[in-house]
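Below you'll find the structure, written out as structure tokens, and then a few comments.
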Protein chains: 2
Amino acid sequence: MRSLRVAVAGLGIVGSETVRLLRSRRDCLRRRIGAPIELAAVCDRRAPERARRLGLPASVRRLTDPRRLPALRDVDVFVELLGGLDEPRRLALACLRAGRCVVTANKRLLARCWDELRGARARGGGRLWFEASVAGAVPVLRAIESSLAGDRITAVHGILNGTANFMLSRMEEGLSPEAALRRARKLGLAEKDPSLDLDGRDAADKVSVLASLVTGAWLDPRRIPTRGIRELDARDIAFAGEVLGRRARLLGMVRLDGPAGRVEACVSPFLVPREHPLAAVRDEFNAVMVRAASAGELMFYGKGAGAGPAASAVLGDIVAAGREILSGKAAPPAPPAAPAPRPAAADCAFYLRLSALDRPGVLCAITSKLSRFGVSIATIHQPATGGRDACVMITTHPAKPEIFGRALRAILALPAVSRRHAVMRLLS
Amino acid sequence: MRSLRVAVAGLGIVGSETVRLLRSRRDCLRRRIGAPIELAAVCDRRAPERARRLGLPASVRRLTDPRRLPALRDVDVFVELLGGLDEPRRLALACLRAGRCVVTANKRLLARCWDELRGARARGGGRLWFEASVAGAVPVLRAIESSLAGDRITAVHGILNGTANFMLSRMEEGLSPEAALRRARKLGLAEKDPSLDLDGRDAADKVSVLASLVTGAWLDPRRIPTRGIRELDARDIAFAGEVLGRRARLLGMVRLDGPAGRVEACVSPFLVPREHPLAAVRDEFNAVMVRAASAGELMFYGKGAGAGPAASAVLGDIVAAGREILSGKAAPPAPPAAPAPRPAAADCAFYLRLSALDRPGVLCAITSKLSRFGVSIATIHQPATGGRDACVMITTHPAKPEIFGRALRAILALPAVSRRHAVMRLLS
């Protein structure tokens, strides 16, 4: 009986766990695939040492240069867990152009190189699997791509960054943002570059993958309006809970606006009603709500990070790829590129916290800026502070994000208003 | 270009919606499948009339006898939405034995005929898709079968009957069970046979499908210990909320106990901690939690019933089937039957509400029965009633379900204790 031959590139935390599970679950995987699975090669800068630590037999080839991987003619599935962007890109493109099969967990690769990868698939007939790239083991990509393939998806909202959600959960318990970040670091949850978590860039990559999958046309993450949680502090969280009955959640959002192909995407802290399912998602969990015309609202929930969940998703992709390869099926053609979606921006209610000099006329100057841009105020609060600076919390009626942004810039240009501020959207 | 030819058997609510969507989403489905989709035939006892009402063109064949369907040689996918058991069984078996492809939403068919269907597939090489049979459009079956295929699933807990969950939600708001059922009926949520919803039989069929899929070996629903919500009333719901901080949810459960192949399955009302994600699932929504060794805890949530969600799942299966058929792939072999799982029954804490004559010695008789069977009491409450009968609420420490059942029978045999009682399990 033919076996399924797998090469794993990158023996970091996820790669090592994948290799470990490929071996310890060998019998179970054989039953699921219908053929034995064989680890043919590993590739890592420190491959000899790491392979030894993993107790790999001598029959498993050890490579240190991923550029040599595509030359392995007898490998069926290349698992790309290298990290970074350049090496993964080179490996994935080489494999896809040669009609080979690649499994990856690299959201950045997908977010940045979607069209290139699609092109390589279309030319070479290769196949790309990437369930682990968004929300870890939560199988939301397969649901969109396969289970909901007969439906019309109208919106995706997701808690896509576990670190930010963990921090917001701790801030709800009274921790300062700095202390919450330290706690996340201590638990090994945070990315090395804190900006990926704090400024929403990691979530923007995942929104890009989701949007590209849903619409069929690449959405460059650099084009997604992205706001993180860096500017939020205890006042915002407390005000949201006590006055508005809402919780702050960093959401990535894709909204398809009718059949005309208009698409809105953003990453932003949202104020979510307390009874909303996303408000119940705490700690480092991820959750993705998908709204579809027939299915209604679906939610997928689970751990979005960590070696176990990522390896679980990678193994699921390997099994799916293996079934396809061993059934002798021609890889399905790469889907045609859809026309680039036209950007839309639905009206949205906003929360705005400002710091301003506590003197006559300042509040009037702020509100008149909003009114000049046609942004209508829903609530306004100025708690007693006792200091020189007043803190003003404003919620607006729904407004165009673009218009709100212009009004905000005008307000921040007022001499009596500090540049330090916080903005959240209200989830309706 | 070859088209994918579909026949729909059964033009009830789900069948009609499926036909409607197959036509209105034609362009979208063509892009997803990579070929045009064509409605080749419909079959229904009132096919001529219903086809006319759906505005089907004359090219769509109208059959009134499902036994004539397998003779249609040019049909690629048979969609079975007939309802009942005998006709669906005959149709599915005939198609599978002839190597054809069947999509069904019929949980009863799967729960009752799993092994027969598997045998027909193994002999004939046909293919069976059934995402819509459990939890409507919530793609939990595909997640188990595909996304988690590389993981080891250890437990599945689910709110699988939307009607029961709707009733429990209304009872939390103070409605009587009868009023809650009337409300569900009015909204078209209830099954014609109320016992399917109230006694957990519908949920048991779904647990059977989940267990068979997870273990690979058929679990006959008639072997699943099944208790419904019929005996619960306002006192239980209030006590659960006010004293225990829990909510009542009718759960179907499958638990795999280690690698030895022991399996526990049941349907029972459970008392779920208020902070648990399943406690937040209200109204007619379904939710399934899947615990896997690597992925951790995943939850899938959405509408489990209704024409839209069911048709969405059916269309997803048609697209998946179509991709497989058009890629010229040999259908994957039917998975081998796993050895029948050995039943296990983990210890579980119980809630018990009894009615007893309010006279000396009765409480002592009840507690001594529990103690004789070694069931240890955690809490006991006897609120003032003022009447002739006392109401006693007991929670136990974890006990073997079998032992608890024997103790319960002994208690109910006491002359001073009414047969009317309520039992729930406590979710740990």
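The values are calculated or read from the model by the stated rules, or taken from the named source; none is laboratory data. If you're wondering where the values come from, they're calculated on a predicted model, not measured in any experiment. Positions of Cβ are generated from backbone atoms using ideal geometry, with glycine treated the same way; all protein chains shown enter the neighbour counts. Surface areas here come from the heavy atoms of the whole protein model, side chains and all, with no ligands, DNA or RNA. Shrake-Rupley method; radii C 1.70, N 1.55, O 1.52, S 1.80 Å.
General observations
- Any pair with Cβ under 7 angstrom, 6 or more apart, that starts in the stretch B:58-85 at a residue that is in contact (Cβ under 8 Å) with a residue 40 or more places away in the chain and ends at one that is open to solvent by 10 Å² or more (accessible area, probe 1.4 Å) and assigned to a loop (DSSP other than H, G, I, E, B): B:PRO66/B:LEU82; B:PHE78/B:ARG100; B:GLU80/B:ASN106; B:LEU81/B:GLY12; B:LEU81/B:ALA105; B:GLY83/B:GLY12
- Lone qualifier among B:ILE325, B:ILE411, B:ILE403 - being touching a strand residue (DSSP E or B) at 6+ places or on another chain (Cβ under 8 Å), farther than 30 Å from B:VAL103 by Cβ and not hydroxyl-bearing (Ser, Thr, Tyr): B:ILE411
- Criterion applied to B:ARG20, B:ARG62, B:ARG121 was being in contact with a strand residue (DSSP E or B) (Cβ under 8 Å, 6 or more places away or on another chain), within 14 Å of chain A (Cβ to nearest Cβ) and open to solvent by 10 Å² or more (accessible area, probe 1.4 Å), and the one residue passing it is B:ARG121.
- Any hit, the stretch B:333-351, residues being open to solvent by 60 Å² or more (accessible area, probe 1.4 Å) and at pLDDT 95 or above: no
- Residue match in the stretch A:35-54 (condition: among the basic types (Lys, Arg) and modelled with pLDDT under 95): no
- A:LEU72 passes every criterion in (1) out of contact with any Pro (no Cβ under 6 Å at 6 or more places or on another chain); (2) within 14 Å of chain B (Cβ to nearest Cβ) apart from (2).
Here is a yes/no grid of residues against (1) assigned by TED's automatic domain parsing to the domain that holds A:VAL319; (2) touching a residue at least 12 places away in the same chain (Cβ under 8 Å); (3) surrounded by fewer than 23 Cβ atoms within 10 Å (Cβ to Cβ):
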| site | (1), (2), (3) |
| --- | --- |
| A:LEU117 | yes, yes, no |
| A:GLY126 | yes, yes, no |
| A:ASN165 | no, yes, no |
| A:ASP193 | no, no, yes |
| A:LEU198 | no, yes, no |
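- Test: B:ARG420 is open to solvent by 20 Å² or more (accessible area, probe 1.4 Å) and touching a residue at least 60 places away in the same chain (Cβ under 8 Å): yes
- Residue in the stretch B:200-208 that is of a type in the set (Lys, Arg) and within 12 Å of the chain's Cα centre (by Cα) present: yes
- Qualifying residues in the stretch B:310-323 (those that are at the interface with another protein chain (Cβ under 7 Å from one of its Cβ atoms) and open to solvent by 10 Å² or more (accessible area, probe 1.4 Å)) - the one nearest to B:GLU17 (Cα to Cα): B:ALA320
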